[in-house]
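See below for the structure under consideration.
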Amino acid sequence: MNRDFGMSRIEAIFPTGGSGTISSYYLEEKGHIFVKTGTLSGVVALSGFLYTRKNQLLLFSILVNNHRTSASEVRRSIEKFLKTIRTKY
């Protein structure tokens, strides 16, 4: 996709911190973590990509099913996980 469309076009499709459905998430990571979200009853899903601190491009897809806490708590846990991945790689 990068060769066909360029990263700027791909980045425009995926919201980053402070925009779209993640308006209150990834604020410190704006421009580094890009995600699309999906939510059904008892399910939270995020797919996207991130740039690590070493500027590596990583793609991800996370699905949490049958969680026993609020969807916002699950999203915060995923946010923390992705920030850790971004920092360590």
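The values are calculated or read from the model by the stated rules, or taken from the named source; none is laboratory data. What you are looking at is a predicted structure, and each value in this text was computed from that prediction instead of being measured. No Cβ is skipped: glycine too gets one built from the backbone with ideal geometry, and neighbour counts run over all protein chains shown.
When you check residue 17 against the structure, is it over 17 Å from residue 83 (Cβ atoms) and either at pLDDT 95 or above or not β-branched (Val, Ile, Thr) (or both), yes or no?
No; evaluated as a whole, the condition is false for this residue.
Please count how many residues of region 48-84 are surrounded by 14 or more Cβ atoms within 10 Å (Cβ to Cβ) and touching a Leu at 6+ places or on another chain (Cβ under 8 Å).
11
Looking at residue 11, is it charged (D, E, K, R), touching a residue at least 12 places away in the same chain (Cβ under 8 Å), in contact with a strand residue (DSSP E or B) (Cβ under 8 Å, 6 or more places away or on another chain) and not in a loop (DSSP other than H, G, I, E, B)? Explain how you work it out, then say what you get.
Details: charged (D, E, K, R): yes; touching a residue at least 12 places away in the same chain (Cβ under 8 Å): yes; in contact with a strand residue (DSSP E or B) (Cβ under 8 Å, 6 or more places away or on another chain): yes; not in a loop (DSSP other than H, G, I, E, B): yes.
Considered against the rule, which asks whether it is charged (D, E, K, R), touching a residue at least 12 places away in the same chain (Cβ under 8 Å), in contact with a strand residue (DSSP E or B) (Cβ under 8 Å, 6 or more places away or on another chain) and not in a loop (DSSP other than H, G, I, E, B), residue 11 comes out as yes.
Scan region 35-47 for residues that are of a type in the set (Val, Ile, Thr) and either more than 19 Å from residue 16 (Cα to Cα) or exposed (fewer than 10 other Cβ atoms within 10 Å of the Cβ) (or both) and jot them down.
43
Residue 43 - would you say it is β-branched (Val, Ile, Thr), under 12 Å from the mean Cα position of the chain (by Cα) and modelled with pLDDT of 90 or more?
Judged against the criteria, residue 43 is not a match.
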